[in-house]
Amino acid sequence: YSRTQVVRPQMFSVLIFCVILYLLRRFERDRPNAIWFVPFCFALWANVHGGWFVGLAVLGVWVLGDAILSASRQRTFVLVSVLALSVMATAVNPYTVDLWRFLGETVRGERPDITDWAPLLKLPVAVILIECILPLFALAAFRGSPTPIKARDLAVIALLLVGTFRVGRVDA
């Protein structure tokens, strides 16, 4: 994947984000206790890269979507508890909640001094074309899937898509 071919802190975000998605799927399919590992992932993530903020937004959308779709109050309580613990886990770092303040000051819409944060459509055409390869495979997988895609999952994809058009780095 073009964004992760060199060793940079962003690789931790890609890896931990994948682990969290895996845990959410395991929670849903066959291992309900897997969800309790998510806050530990956020504690680690907050100590290795600032991309945890995107992951937390995704988790929030996923939990909200699941709460709307689920008829189980117990399930919703568990997921909201995991979300709250995940938020708190991001403060388990040498800077505690000052890390949140730092991200609030540095992660904003316009940062022309950071080329990695340029909107997707401002990247070179060759990069945009390469970045389209994995989403095309994902679309093919969705089409071939025997199970329907849940609105909750589409909301997560929409959030990431909007994020990618605002900050090209989110594509990973």
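The values are calculated or read from the model by the stated rules, or taken from the named source; none is laboratory data. Worth saying up front: this structure is predicted, and the values here are computed from it rather than measured. Using ideal geometry, Cβ is built from the backbone for each residue, glycine included, and neighbour counts are taken over all protein chains shown. SASA here: full protein model, heavy atoms, side chains in, ligands and nucleic acids out. Shrake-Rupley method; radii C 1.70, N 1.55, O 1.52, S 1.80 Å.
A compact table of results
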item	result
Answer from LEU123, LEU79 - the residue that is more than 23 Å from ILE16 (Cα to Cα), open to solvent by less than 40 Å² (accessible area, probe 1.4 Å) and either at pLDDT 80 or above or touching a Gly at 6+ places or on another chain (Cβ under 8 Å) (or both)	LEU123
Looking only at the stretch 34-56, and only at residues there that are open to solvent by 30 Å² or more (accessible area, probe 1.4 Å), at pLDDT below 95 and over 17 Å from VAL97 (Cβ atoms), the one that is nearest to the chain's Cα centre (by Cα)	VAL54
Residue within the stretch 148-169 that is assigned to a loop (DSSP other than H, G, I, E, B) and modelled with pLDDT under 80 present	yes
Subset of the stretch 88-109 (residues that are on the phi < 0 side of the Ramachandran plot and surrounded by fewer than 15 Cβ atoms within 10 Å (Cβ to Cβ))	MET88, PRO94, TYR95, VAL97, ASP98, ARG101, PHE102, GLY104, GLU105, THR106, ARG108, GLY109
The stretch 13-37 residues that are more than 15 Å from LEU83 (Cβ to Cβ), paired with ones that are open to solvent by 70 Å² or more (accessible area, probe 1.4 Å) and not aromatic (Phe, Trp, Tyr) (beta carbon under 7 Å, 6 or more apart)	ILE16/LEU44
Failed criterion for VAL63 (all others in (1) farther than 19 Å from SER13 by Cα; (2) touching a residue at least 12 places away in the same chain (Cβ under 8 Å); (3) more than 13 Å from the chain's Cα centre (by Cα) hold)	(3)
